[in-house]
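Comments concern the structure below.
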Amino acid sequence: MHKIIKYTFFDLFRSKWFLIIALFFLSNSWGLLYFSTSLSKAILSILHVNIFVIPILSALLASIYFYNSRNFIELLISLPIKRSAIFLGQYLGISLSISLAILLGLGIPFLIYGIFSDSEIWNFLNLIMNAILLTFIFSAISYNISLLMNDKIKGFGMVILMLLMFTIIYDAVILILLLIFKDYPLEKLSIILTILNPIDLSRINTLLKLDVSALMGYTGAVFNKYFNTFLGTFISYTSLFLWIFLNIIFLLSLVRKKDF
Amino acid sequence: MIKIQNLRKSFGNLEVLKNINIEIPNTSSLAILGPNGSGKSTLIKSMLGLVIPNSGNIIINNQLTHKNHKIKKQISYLPQSIQFPENITVNELIKMMEDIRNEKAEYTYWIEQFELQNTLTKKIKTLSGGTKQKVNIMIALMFDKTEYIILDEPTVGLDPISRIKLKEWLYQKKSQNKTILLCTHILSDIEDICDTLLFLLDGKVYYFGTIQELLESFNENKLENAIAKILTHKKSNIA
């Protein structure tokens with residue numbers, strides 16, 4: 001499997017995508033650092049860019065890469081190498097190269113700023129960790145959708161629908177639910193709903209650390225009330241890892257039966 | 001020896017392979033022929049593990065293929081067309097294949113025959129269609145130790161000289177007692193290279209035997225006439 005990871009990683013590393021992603025995050029994080037009055041405010045602003053841009057970038061790139069290499073995958077399957085190694089290797093290679101581009105883009109301005117001698121270092125590392133986890137989650141979801149859909153156009157359509165669902169529709173649904181059932185205790189429901197959306201999880205995860213309750217929203221506030229910061233962080237991280245883990249299990253079961 | 005036992009495959013409601021049972025002895029050169037949609041590609045893809053059969057077994061060298069992916073080390077497979085990763089050079093592609101197969105490749109023969117010396121350091125995306133097909137052939141056939149050579153429409157898109165060179169290589173492999181499976185619509189290629197024929201019709205084996213016997217049974221001396229007779233025979237059966 002490590003061979004497939006290596007080749008996928010370097011193939012993407014040398015593509016224009018890598019440069020585009022790294023430059024985007026570089027200019028974004030440099031700009032926000034430059035214009036913000038404090039580090040924690042800059043981290044907060046970057047977080048809000050991250051939770052929208054990273055899911056879109058990783059999902060689209062994973063899907064494009066899969067469909068472009070579909071034909072080559074057929075050749076790989078005919079070689080003496082396990083099916084699971086090919087697909088898992090490709091997924092990990094894609095996620096790792098996007099993560100590296102984001103890490104470089106986000107990290108370099110902070111390094112120049114001197115983050116390692118600042119008290120905000122943990123919040124910064126938390127931001128990076130969330131960015132990487134979101135990359136792995138959304139590449140996995142979109143890779144699985146692409147595996148399920150033989151038709152490229154339908155596959156892209158489904159990936160975009162999935163993104164819309166997690167970024168916009170989900171919040172709207174939560175809001176409507178909270179309005180309709182406002183007379184009932186909704187804390188548990190809202191916690192479950194948060195865990196079911198990795199974008200929400202990642203947002204709350206960072207906000208808990210930064211302690212800006214005004215920006216947490218209802219679900220974040222409930223999270224904070226129910227769990228203390230430590231437990232809240234633990235639960236949100238576990239749920240994010242669980243998202244990756246379950247998607248990998250699903251990927252492995254999909255490729256076992258897939259015809260090419 | 002390749003044994004195919006009770007092989008069935010459906011895509012949704014469409015039954016593509018209907019209980020295929022054949023044994024392909026080693027050292028044979030077999031042509032797989034049949035009209036479009038008869039199941040040729042599905043049969044080849046099942047052997048390579050690209051398609052998962054609904055039931056039945058494929059046994060190569062006494063080993064079940066779906067349980068042992070290492071058996072594919074014995075197979076060279078040339079797909080009809082292939083899109084390689086675009087950002088790597090031909091040289092890197094060769095190294096990558098060697099790395100994945102854990103085997104040294106004998107590619108100098110193909111470099112000389114197809115005059116690919118200047119393309120080695122070029123990125124795949126800069127190559128022309130014909131050169132890409134040559135690279136495809138080189139990548140597929142550069143592992144010399146395989147026992148089985150499976151080719152899917154190998155001569156499509158090739159210039160006449162390269163076509164002759166590919167055929168010469170296949171004769172050479174035939175004389176080295178390798179097993180060749182050729183899937184093509186070009187009957188002259190079959191007559192040149194193969195001695196046995198598997199004719200598939202609607203997912204079933206319609207004919208499996210030597211080309212010589214087929215010609216004799218239809219009292220023909222050209223393969224295309226015999227094939228035409230098979231197909232008209234089928235039409236009159238349906239009517």
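Considering only region A:68-86, I want to know if a residue exists there that is modelled with pLDDT of 95 or more and more than 19 Å from B:I88 (Cβ to Cβ). Scanning region A:68-86, I find no residue that is modelled with pLDDT of 95 or more and more than 19 Å from B:I88 (Cβ to Cβ), so the answer is no. Does A:L61 meet the test of being more than 29 Å from B:K95 (Cα to Cα) and not aromatic (F, W, Y)? Considered against the rule, which asks whether it is more than 29 Å from B:K95 (Cα to Cα) and not aromatic (F, W, Y), A:L61 comes out as no. A:I174 meets the stated requirement of being modelled with pLDDT under 85 and part of a helix (DSSP H, G or I).
Determine, yes or no, whether A:S97 is assigned to a helix (DSSP H, G or I), more than 14 Å from chain B (Cβ to nearest Cβ) and over 18 Å from B:F84 (Cα atoms). No; evaluated as a whole, the condition is false for this residue.
Within region A:80-94, restricting attention to residues that are of a type in the set (V, I, T) and either crowded, with 23+ Cβ neighbours inside 10 Å or not in a helix (DSSP H, G or I) (or both), the residue that is nearest to the other protein chains (Cβ to nearest Cβ) is A:I81.
Across region B:138-169, the qualifying residues are those that are free of Cβ contacts under 8 Å to residues at least 24 places away in the same chain and of a type outside the set (V, I, T), and the one among them that is nearest to B:V90 (Cα to Cα) is B:R163. Please indicate, with yes or no, whether at least one residue in region B:205-216 is charged (D, E, K, R) and loosely packed, with under 13 Cβ neighbours inside 10 Å. Yes: region B:205-216 contains one or more residues that are charged (D, E, K, R) and loosely packed, with under 13 Cβ neighbours inside 10 Å.
Residues in region B:48-75 that are in a loop (DSSP other than H, G, I, E, B), more than 21 Å from A:M1 (Cβ to Cβ) and within 11 Å of chain A (Cβ to nearest Cβ): B:V51, B:P53, B:N54. In region B:92-113, of all residues being polar (S, T, N, Q) and away from every other protein chain (no Cβ under 12 Å), the one that is surrounded by the most Cβ atoms within 10 Å (Cβ to Cβ) corresponds to B:Q113. Among the residues of region B:76-89, those that are within 30 Å of B:N26 (Cβ to Cβ) and more than 7 Å from every other protein chain (Cβ to nearest Cβ) comprise B:S76, B:L78, B:Q80, B:S81.
Taking helices (runs of 4 or more DSSP H) as the structural unit, those lying wholly within region A:197-260 and holding at least 2 residues that are touching a helix residue (DSSP H, G or I) at 6+ places or on another chain (Cβ under 8 Å), modelled with pLDDT of 85 or more and surrounded by fewer than 21 Cβ atoms within 10 Å (Cβ to Cβ) correspond to A:229-257. Being farther than 22 Å from B:L7 by Cβ and touching a Lys or Arg at 6+ places or on another chain (Cβ under 7 Å) holds for only one residue in B:T155, B:T232, and it is B:T155. Inspect region B:27-46 for any residue being surrounded by 14 or more Cβ atoms within 10 Å (Cβ to Cβ), without any contact (Cβ under 8 Å) to a residue 24 or more places away in the chain, within 23 Å of A:Y7 (Cα to Cα) and within 13 Å of chain A (Cβ to nearest Cβ) and give the result as yes or no. Taking every residue of region B:27-46 in turn, none turns out to be surrounded by 14 or more Cβ atoms within 10 Å (Cβ to Cβ), without any contact (Cβ under 8 Å) to a residue 24 or more places away in the chain, within 23 Å of A:Y7 (Cα to Cα) and within 13 Å of chain A (Cβ to nearest Cβ). Listed residues B:K9, B:K18; which is outside any loop (DSSP other than H, G, I, E, B) and either touching an Asp or Glu at 6+ places or on another chain (Cβ under 7 Å) or at the interface with another protein chain (Cβ under 9 Å from one of its Cβ atoms) (or both)? After applying the criteria, what remains is B:K9. Taking region B:114-139 as the range and being under 21 Å from the mean Cα position of the chain (by Cα) and surrounded by fewer than 18 Cβ atoms within 10 Å (Cβ to Cβ) as the test, the residues that pass are B:G129, B:G130.
Which of the residues spanning region B:76-91 are crowded, with 20+ Cβ neighbours inside 10 Å and either among the β-branched types (V, I, T) or part of a strand (DSSP E or B) (or both)?
Matches in region B:76-91: B:S76, B:Y77, B:L78, B:V90.
The set of residues in region A:150-166 being exposed (fewer than 15 other Cβ atoms within 10 Å of the Cβ), under 25 Å from A:D259 (Cβ atoms) and not charged (D, E, K, R) consists of A:N150, A:I153, A:G157, A:L161.
Go through region A:16-51 and give me each residue that's aromatic (F, W, Y) and at pLDDT 90 or above.
Scanning region A:16-51 gives A:W17, A:F18, A:F24, A:F25, A:W30.
Of the helices (runs of 4 or more DSSP H) lying entirely inside region A:1-79, those containing at least 3 residues that are in contact (Cβ under 8 Å) with a residue 12 or more places away in the chain, away from every other protein chain (no Cβ under 14 Å) and of a type outside the set (F, W, Y) span A:16-35, A:39-77.
The values are calculated or read from the model by the stated rules, or taken from the named source; none is laboratory data. Keep in mind the model is a prediction, meaning the values are calculated, not measured. A quick note on method: Cβ atoms are made from the backbone with ideal geometry, for glycine too, and the neighbour counts reach across all protein chains shown.
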